[in-house]
Structures are given as structure tokens and as C-alpha cells.
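Reading through the C-alpha cells given below for one structure.
Read-outs throughout are calculated quantities, based only on the coordinates presented, and are distinct from any laboratory measurement. Being a predicted model, the structure only gives us computed values, none of them experimental. Backbone-built Cβ (ideal geometry, glycine too); neighbour counts: all protein chains shown.
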Amino acid sequence: MTIFEKIVAGEIPCKKVAEDEKFLAFYDINPKAPVHILAIPKICVKDFSCASSELLGELCEFAKEVAKIAGIDKSGYRIITNIGADGGQEVPHLHLHILGGGKLSFPKLA
Ligand code: 5GP
């Protein structure tokens with residue numbers, strides 16, 4: 001069971017931003033921007049490459065709503081999803097990083 005499944009199950013607390021029957025958004029525990037939110041499906045899908053187009057479309061719509069709720073939709077934001085080892089993915093449960101709240105620099109290779 002990944003840490004995100006435990007968050008969905010309520011076994012680990014999170015600072016929730018938004019939730020519906022299929023998706024959950026919460027603040028990242030180690031923020032890389034003034035606003036750093038993770039949007040995840042409640043069902044366990046390993047990453048972007050395994051997810052159906054339908055699920056990805058719904059997750060993107062959810063992320064747009066999350067950005068509005070967080071108050072960063074007008075100022076702008078960045079969405080990132082990491083895939084696998086070289087992508088820097090630590091948690092093998094599909095998630096969108098929603099980053100904003102200030103001008104972001106472009107990420108460099110590690
Ligand atoms: P990844 O590297 O897999 O794309 O991103 C995983 C993200 O999950 C990281 O930014 C990390 O800070 C965040 N994270 C890991 N464990 C927890 C946790 O228990 N709670 C929250 N809110 N975020 C977490």
C-alpha cells in the first residue's frame with residue numbers, strides 16, 4: 001500500500017484542498033513552491049503511462065478546480081507529473097503536482 005492510498009483511506013492525515021468521489025487534492029508535505037498541491041485519483045494507478053485517457057481527462061478537470069479553490073488560477077500555475085525513476089517519481093500512485101503562488105523557475109536536470 002502506498003502512502004497516498006493510506007491518505008485516501010484516512011490512515012495518514014493530510015491538509016485537504018478538495019475532494020470528490022473519484023479524486024483528492026492535498027498540500028504536499030515538502031512544498032517546492034509557495035503553493036504546492038498534489039491531485040490524485042482515489043483508485044491506485046501507478047503513473048501517467050498506465051492511466052486511461054478518461055481518468056487523465058477527469059483528473060485534469062479536477063486539477064483546474066483545485067487551482068481555483070487554491071486561488072492560483074488567475075496568477076498562473078504549473079502542473080507536473082513524474083513517471084518512473086528518471087522522472088523522479090517517489091510515490092508509485094499517479095499524482096499531479098500543482099505548483100504556484102509565485103513566479104516559478106524552470107526545473108533543471110538533477
Ligand atoms: P513524486 O516525487 O512521486 O512525484 O512526488 C511525491 C510527492 O509526495 C513529494 O513532493 C513529497 O513531498 C510528497 N509526499 C510524500 N509523502 C507525503 C505525505 O505523507 N504527505 C503529503 N502531503 N505529501 C507527501
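Given a Förster distance of 41 angstrom, what is the FRET efficiency for Lys74 paired with Met1, based on the Cβ-Cβ distance and rounded to 0.05? Could you put the intermediate results ahead of the total?
On the way: r = 38 Å, r/R0 = 0.92.
After rounding to 0.05, the efficiency reads 0.65.
Placing unit charges on C-beta atoms (Lys and Arg positive, Asp and Glu negative, everything else neutral), compute the dipole magnitude of the range 3-100 about its Cα centre in debye, rounded to 20.
320
Please compute one quarter of the surface area of the Cα convex hull for the chain and express it in square nanometres.
Here the figure is 6.9 nm², rounded to one decimal.
Within the set Lys22/Lys103; Lys22/Lys74; Lys46/Lys108; Lys6/Lys108; Lys6/Lys32; Lys46/Lys103, which residue pairs have Cα atoms separated by over 28 Å?
Lys22/Lys103; Lys6/Lys108; Lys46/Lys103
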